[in-house]
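Read the structure below first, then the notes.
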Amino acid sequence: MESSQIVIEADGLVKTYGAFQAVKGVHFQVYQGEVFGLLGPNGAGKTTTMEMIEGLRKPDGGHARVAGYDTQKDLVKVKEVIGVQLQSTSLFELLTVKEIMEMYASFYPNPLPVDPILEDMTLTDKRNGRVKHLSGGQKQRLAIGLALVNDPKVIFLDEPTTGLDPTARRTLWDIILKLKERGKTIVLSTHYMEEAHVLCDRICLMDQGQVVALDTPRNLVLSLQSDSAIEFRVGGLDERPEEYKENLLRELHEVREVKRVDVRRDVIVLYTDKLQTSLTDLIEKSSGGKLELADLQTRTATLEDVFISMTGRSLNEE
Ligand code: ATP
């Protein structure tokens, strides 16, 4: 894989809706052949950022280039090299799978043959079925198939697995990884951290219109400087006086080898890379009924923890 060639450049992208700035100066570069993830909660600005890069929305500031073409000045050229997965809700429900593929193919001067794409999307047995009879996962695969008919260099997938059951999600993951194997560059937005972890070479964490971190999944988790999390609940913590909470936090910071303490409502998370030492000390400190550790569990630190440590919020918070 040629990894150093830049295929996409987002250079200070800004988008404003009325008085609201939805995207606040986003910079990043995407390399040839990588799966690049935009990971962030609802409203983070992922779709808006993608659509400015695709040339579908006009930025109010900054520039985007795809394969060296400016998405504002050279939109025709940009369209030749990109494939955009449509939201499956906008597919023509009454056409058959093959008909809709052929219709899309007719929009391009040199389309790929339709049948192999249907095969890759595991839709061959559905080719004569109407779109309206497809399941959610099949519709999403069809939407990706449609994005492939012009043999694009770069594929944009906006939350491709939202609303799908785990099996349908994994089928899509396999398809995305196969596209990557064939050298396609893929930009994918998601608010599922597991999906980003499994699929993406690099992840751009977005929140409130800004990039809060950009690195490989591994480096993002390493940035926490702790590979484990100890999580427990302190019932009624929200209602306790401030002084109680302050004392508790001070004590938890003193637990051996704990690098960081996060409080989310009544759930406390301690981060450490010496799990056994920290856990033993925590249990000792809490003995004698001073602190009841409800629902105590230990786990490996995740991208969700990275996001919380950087923004104070969860990825899937409403
Ligand atoms: P989601 O997962 O919900 O799609 P997202 O990260 O893709 O989230 P965007 O869809 O880019 O976020 O939206 C970013 C912000 O801009 C949100 O607060 C959204 O309400 C707002 N927004 C998006 N499109 C418009 C529009 N056409 N007019 C006004 N506000 C908009």
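The values are calculated or read from the model by the stated rules, or taken from the named source; none is laboratory data. Note that this is a predicted model, so its numbers are computed, not measured. Counting neighbours? That spans all protein chains shown, and the Cβs are built from the backbone with ideal geometry, glycine included.
Does the stretch 206-221 contain any residue that is in contact with a Phe, Trp or Tyr (Cβ under 7 Å, 6 or more places away or on another chain) and in the same structural domain as D120 (by TED's automatic domain parsing)?
Taking every residue of the stretch 206-221 in turn, at least one turns out to be in contact with a Phe, Trp or Tyr (Cβ under 7 Å, 6 or more places away or on another chain) and in the same structural domain as D120 (by TED's automatic domain parsing).
Per-residue answers, yes or no, for (1) more than 23 Å from P41 (Cα to Cα); (2) in contact with a Ser or Thr (Cβ under 9 Å, 6 or more places away or on another chain):
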site: V78; (1), (2): yes, yes
site: V81; (1), (2): yes, no
site: V84; (1), (2): no, no
site: P109; (1), (2): yes, no
site: T122; (1), (2): yes, yes
site: H133; (1), (2): yes, no
site: L146; (1), (2): yes, no
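Output yes when any residue across the stretch 270-280 is closer than 30 Å to T49 by Cα and in contact with a strand residue (DSSP E or B) (Cβ under 7 Å, 6 or more places away or on another chain), and no when none is. Explain how you work it out, then say what you get.
Step one: of the stretch 270-280, the residues closer than 30 Å to T49 by Cα are none.
So far as the stretch 270-280 goes, no, none of its residues is closer than 30 Å to T49 by Cα and in contact with a strand residue (DSSP E or B) (Cβ under 7 Å, 6 or more places away or on another chain).
Do the conditions hold for T16, that is, is it modelled with pLDDT of 95 or more, among the hydroxyl-bearing types (S, T, Y) and under 14 Å from V211 (Cα atoms)?
no
Can you tell which of D295, D281 is at pLDDT 90 or above, on the phi > 0 side of the Ramachandran plot and either part of a strand (DSSP E or B) or surrounded by 14 or more Cβ atoms within 10 Å (Cβ to Cβ) (or both)?
D295
Restricting attention to the stretch 252-278, which residues are in contact (Cβ under 8 Å) with a residue 40 or more places away in the chain and not hydrophobic (A, V, I, L, M, F, W, C)?
Initially, the stretch 252-278 is screened for residues in contact (Cβ under 8 Å) with a residue 40 or more places away in the chain, giving 260, 262, 264, 269-273, 275, 278.
Of everything in the stretch 252-278, those that are in contact (Cβ under 8 Å) with a residue 40 or more places away in the chain and not hydrophobic (A, V, I, L, M, F, W, C) turn out to be R260, D262, R264, Y271, T272, D273, S278.
Kindly indicate the residue of the stretch 1-49 that is of a type in the set (S, T, Y) and surrounded by fewer than 14 Cβ atoms within 10 Å (Cβ to Cβ) and also farthest from L220 (Cα to Cα) among those meeting that condition.
Y17
Here are V212, V198: which of them is surrounded by fewer than 18 Cβ atoms within 10 Å (Cβ to Cβ), in a strand (DSSP E or B) and touching a residue at least 24 places away in the same chain (Cβ under 8 Å)?
Working: V198 fails: in a strand (DSSP E or B).
Testing whether each residue is surrounded by fewer than 18 Cβ atoms within 10 Å (Cβ to Cβ), in a strand (DSSP E or B) and touching a residue at least 24 places away in the same chain (Cβ under 8 Å) leaves just V212.
Checking the condition under 15 Å from Q85 (Cα atoms), part of a helix (DSSP H, G or I) and in contact with a Phe, Trp or Tyr (Cβ under 9 Å, 6 or more places away or on another chain), which residue from L146, L188 passes?
On the way: L188 fails: part of a helix (DSSP H, G or I).
Every option except L146 fails the conditions.
Looking at V7, V78, which is the one that is in a strand (DSSP E or B), closer than 24 Å to L146 by Cα and either in contact with a strand residue (DSSP E or B) (Cβ under 8 Å, 6 or more places away or on another chain) or of a type in the set (A, V, I, L, M, F, W, C) (or both)?
V7
Tell me which of these G25 doesn't satisfy, since it passes every other one: (1) closer than 17 Å to I186 by Cβ; (2) assigned to a strand (DSSP E or B); (3) small (G, A, S).
Going through (1) closer than 17 Å to I186 by Cβ; (2) assigned to a strand (DSSP E or B); (3) small (G, A, S) one by one, G25 breaks only (1).
Considering only residues of the stretch 10-69 that are in contact with a Cys (Cβ under 7 Å, 6 or more places away or on another chain) and more than 10 Å from the ligand (Cβ to nearest atom), which is farthest from Y192 (Cα to Cα)?
Per the criteria, the residue is F28.
Conditions first: (1) surrounded by fewer than 15 Cβ atoms within 10 Å (Cβ to Cβ); (2) of a type outside the set (A, V, I, L, M, F, W, C); (3) outside any loop (DSSP other than H, G, I, E, B). D151 passes all but one, so which condition is the exception?
Of everything listed in (1) surrounded by fewer than 15 Cβ atoms within 10 Å (Cβ to Cβ); (2) of a type outside the set (A, V, I, L, M, F, W, C); (3) outside any loop (DSSP other than H, G, I, E, B), D151 misses just condition (3).
Does K184 satisfy being closer than 29 Å to S4 by Cβ, more than 16 Å from the ligand (Cβ to nearest atom) and either surrounded by 15 or more Cβ atoms within 10 Å (Cβ to Cβ) or not hydroxyl-bearing (S, T, Y) (or both)?
Considered against the rule, which asks whether it is closer than 29 Å to S4 by Cβ, more than 16 Å from the ligand (Cβ to nearest atom) and either surrounded by 15 or more Cβ atoms within 10 Å (Cβ to Cβ) or not hydroxyl-bearing (S, T, Y) (or both), K184 comes out as yes.
I'm told E159 meets every condition in (1) surrounded by fewer than 19 Cβ atoms within 10 Å (Cβ to Cβ); (2) among the acidic types (D, E); (3) within 16 Å of the ligand (Cβ to nearest atom) except one. Can you identify the failing condition by its number?
Condition not satisfied by E159: (1).
Counting just the residues of the stretch 50-59 that are touching a helix residue (DSSP H, G or I) at 6+ places or on another chain (Cβ under 8 Å) and in a loop (DSSP other than H, G, I, E, B), which one comes out surrounded by the fewest Cβ atoms within 10 Å (Cβ to Cβ)?
K58
If you take the residues of the stretch 274-306 that are among the polar types (S, T, N, Q) and within 17 Å of S226 (Cβ to Cβ), which of them is nearest to the chain's Cα centre (by Cα)? First the steps, then the outcome.
The first filter runs over the stretch 274-306 and keeps only residues among the polar types (S, T, N, Q), leaving 276-278, 280, 286-287, 297-298, 300, 302.
Those still in the list that are within 17 Å of S226 (Cβ to Cβ) too: 276-278, 280, 297-298, 300, 302.
Values: Q276: 32, T277: 34, S278: 32, T280: 35, Q297: 26, T298: 25, T300: 19, T302: 13 Å.
So, considering only residues that are among the polar types (S, T, N, Q) and within 17 Å of S226 (Cβ to Cβ), the one nearest to the chain's Cα centre (by Cα) is T302.
Here is a list: S314, S309, S228. Which entry is within 25 Å of the chain's Cα centre (by Cα) and modelled with pLDDT of 90 or more?
Answer to the check: S228.
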